[in-house]
Amino acid sequence: MSPGAPLGAALGLLQRDLLLLLWRQRADALNPLLFALMVATLFPLALGPEAQMLSRVAGGIVWVTVVLASLLSLDAVFRGDADDGSLDQLATCGQPLAMLAGAKMLAHWIGTGLPLTLAGPLLAYMLGIERAAVPTLLLALLLGTPLLSMVGACCAALTVAMRRSGMLLALLVLPLTIPVLIFGAGAVDAASTGGDPSAPLLFLAAGLALALPLAPLGCAAAIRIGTA
Amino acid sequence: MNRFTLWFHKMGSPPTFYAFAERWRPWLLGGALLLTTVALVWGFGYAPADYLQGDSFRIMYIHVPAAWMAQFVFFVMAVSGFVAIVWRIKLAEIMCIASAPVGAAFTAIALATGSLWGRPTWGTYWVWDGRLTSTLILLFLYFGVIGLYRAIEDRRKAARAAGLLSIIGMINIPIIKYSVEWWNTLHQPASINVIKGSSSIDASMLWPLLLMAIATKLYYGWSALSRAQLMVLESERGKDWVRELAGLPMVGSSSRPVEPATRSSTT
Amino acid sequence: MTAFDSPAPPLFAARGLGFSRDGEIIFAPLDLEVWSGDALVIEGANGAGKTTLLRVLAGLLDPTEGCLSWQGVALADGQRIAGSIAMLGHHLGLKVDLTPIENLRFRIALGGLRHGMTAAIALRSAGLQGYDDVPLRSLSAGQRKRTALAALLLSPATLWLLDEPYANLDREGQRVVDRMLETHCLRGGAAIFSSHGLFTPALSRMHSLQLGGVAA
């Protein structure tokens, strides 16, 4: 008779969620990417396709697109578990809830953030970004999308107590994502104009280092409030 | 320290808190009104005009204290949210929520007055200045906390969720402010700060500002305590001390009505 | 008083446990105790607070008053010993897009595995063999319930907290629950479960707790 190890529980949760997200519900797996593509297309349609203008704003457009697309799949992080009682199981199994929350965040990132990171340079290319800025964009997205997943998951856990969170979740998450947006787009902007992107990239890295221990704790606290 | 802890514990009891709030409310409101009148008359009428901005700087006497309160109230919300979550004290939950609308109002006033201040100087009602943008984001955070509280049906769960969000918001506020400042210097390297920082104010202009700072805190105290009183009454409505206040007959001798569950044992 | 006279502390006990929400009393202060081998059935009409009581016992809800203890040691609000409790809620805690086997594998990773048990054995004991690879979505409510019961069999936990374990089950399924409870209690486990009164487990030590109506 033995309760499982915490890491095993977290990995089991990660495996379960990835199986669901990427395979069983794979029809929805591409939604964030398609949304990002659509939104990125809206900007040239609205602003005009003039290459020089688009090239200047390409980095910013990609970042706004990634933030919004990442937002789309946040509600689903905890809502399914709340509806079918899985969240109760997570809360009563005795494993450290912060580790389980971390597994959920990682699953969201692998399912949404990572694909958006890989698609980012493609979108930027379509918008005519400076070639020199693409590696910076990739690195910035790699640092920033986990932050978006982590902060977003905390807010998603807070709103799971409501029947339909919809716009409220966006209202909660977006102000908190502004630093990521500013530093991410700032890094790309610096690289595009021949400057040094290391300062904003370091800020993103610092934010990530700060969020990695804190966000799962906040998320676990939010889950406990939500299951009550 | 012992007296303070004792007072703190006593405040956790709803009837004690209600009586405390009832006693201090008139003084807080009176003090706030008095100080505001003195400060504004002084600031608008008697303080010397600024050599650069002329008379338009006087709006600072409303804008700066409002901006200070916007930050301060969110800090109070985060602290009471923390107390509510860690120690499960109902009154801390209530204080957190009671402070939110006042804080949001101060933020809106800071935004509006900041916008008015910018008009004579920049010719436009809105500039993407570092301070104004941060204040706008702070307003969004307030709306988020208030929105979250109103969207959850269970009052205590709603208050605790809003408290946690206040804590998350509080941790993020310095980060947001710094990032917006950084963004501002990145895109407007030669900008002069529209809104005067308090460090460059001459002493003769400072007094009305300090008086307003105290006045706004008193007003906040009055508003938050009043709202908290109402919330306490609502959440304790079945209890005897509330019935006594309302002049209704009391149900039982203890402070909570009791209906014991019957228990049987079968083998 | 010698050591023989002092009784062992109960496995799980509650003293003065009460819960109210938004000023409305859900259940008034009550006491309960379960020792190893005990079964406690919580009875009451719809809306009497049975589910809420079980959630408070599981640690999902904090009681408004009172305290809980595990083997004599007081528990803080929300604190539970890892692996001590297995819960079967009104919502089963299973993903409908996964098969029974996949669901059980996840529950093993989460809560550990009882010695000598496997997912296949558990499914067979719950009477659900042959549906291993069918996603839960395609199974009936009764079959999903049996999957949840299989998850319970896999758990190494000592105390079972079951909310309406007999719901949605046919006569055979109800007998499965009876057998599970009997075996679990004989082995030294304990169970607290709610019911409307349609149960027939032959348990030697079964107590009942009636949740009464709330004062108007």
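The values are calculated or read from the model by the stated rules, or taken from the named source; none is laboratory data. These numbers come from a predicted model, not from an experiment. Ideal geometry is used to build each Cβ from the backbone, glycine not excepted, and the neighbour counts take in all protein chains shown.
Numbers for the structure displayed
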| item | result |
| --- | --- |
| Qualifying residue in region C:64-71 (condition: assigned to a loop (DSSP other than H, G, I, E, B), at negative phi and crowded, with 21+ Cβ neighbours inside 10 Å) | no |
| Enumeration of residues in region C:13-23 that are in a strand (DSSP E or B) and facing chain B (nearest Cβ under 7 Å) | C:Arg21 |
| Region A:152-181 residues that are at positive phi, paired with ones that are crowded, with 19+ Cβ neighbours inside 10 Å and not hydrophobic (A, V, I, L, M, F, W, C) (beta carbon under 8 Å, 6 or more apart) | A:Gly166/A:Asp75 |
| Members of region A:194-217 that are free of Cβ contacts under 8 Å to residues at least 60 places away in the same chain and outside any helix (DSSP H, G or I) | A:Gly195, A:Asp196 |
| Residue in region B:88-110 that is in contact with a His (Cβ under 9 Å, 6 or more places away or on another chain), at pLDDT 90 or above and of a type outside the set (Lys, Arg) present | yes |
| Unmet requirement for C:Ile26, which otherwise passes all of (1) within 19 Å of B:Asp154 (Cβ to Cβ); (2) within 12 Å of chain A (Cβ to nearest Cβ); (3) touching a helix residue (DSSP H, G or I) at 6+ places or on another chain (Cβ under 9 Å) | (2) |
| Residue within region B:36-43 that is under 15 Å from B:Ser223 (Cβ atoms) and in contact with a helix residue (DSSP H, G or I) (Cβ under 9 Å, 6 or more places away or on another chain) present | yes |
| Segments classed as helices (runs of 4 or more DSSP H), wholly inside region B:1-100, with at least 2 members that are on the phi < 0 side of the Ramachandran plot, surrounded by fewer than 22 Cβ atoms within 10 Å (Cβ to Cβ) and in contact (Cβ under 8 Å) with a residue 12 or more places away in the chain | B:14-41, B:60-87 |
| Residue within region A:85-105 that is part of a helix (DSSP H, G or I), in contact with a helix residue (DSSP H, G or I) (Cβ under 9 Å, 6 or more places away or on another chain), away from chain C (no Cβ under 14 Å) and farther than 30 Å from A:Glu50 by Cα present | yes |
| Strands (runs of 3 or more DSSP E) fully within region C:120-216 counting 2 or more residues that are surrounded by fewer than 14 Cβ atoms within 10 Å (Cβ to Cβ) and among the charged types (D, E, K, R) | none |
| Residues within region C:154-167 that are under 19 Å from C:Arg107 (Cβ atoms) and either of a type in the set (A, V, I, L, M) or at pLDDT below 90 (or both), tallied | 5 |
| C:Ile121 vs. criteria away from chain A (no Cβ under 13 Å), β-branched (Val, Ile, Thr) and under 19 Å from the mean Cα position of the chain (by Cα) | no |
| Residue list for region B:107-132, restricted to those being among the polar types (S, T, N, Q), surrounded by fewer than 21 Cβ atoms within 10 Å (Cβ to Cβ) and in a helix (DSSP H, G or I) | B:Thr113, B:Ser115, B:Thr121 |
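Listed here are the residues, each with its yes/no results for (1) surrounded by fewer than 24 Cβ atoms within 10 Å (Cβ to Cβ); (2) modelled with pLDDT of 95 or more; (3) under 19 Å from A:Ala209 (Cβ atoms).
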| residue | (1), (2), (3) |
| --- | --- |
| A:Thr117 | yes, yes, yes |
| A:Ala132 | yes, no, no |
| A:Leu141 | no, yes, yes |
| A:Thr145 | no, yes, yes |
| A:Leu158 | no, no, no |
| A:Ser165 | yes, no, no |
| A:Leu171 | yes, no, no |
| A:Ala190 | yes, no, no |
| A:Gly195 | yes, no, no |
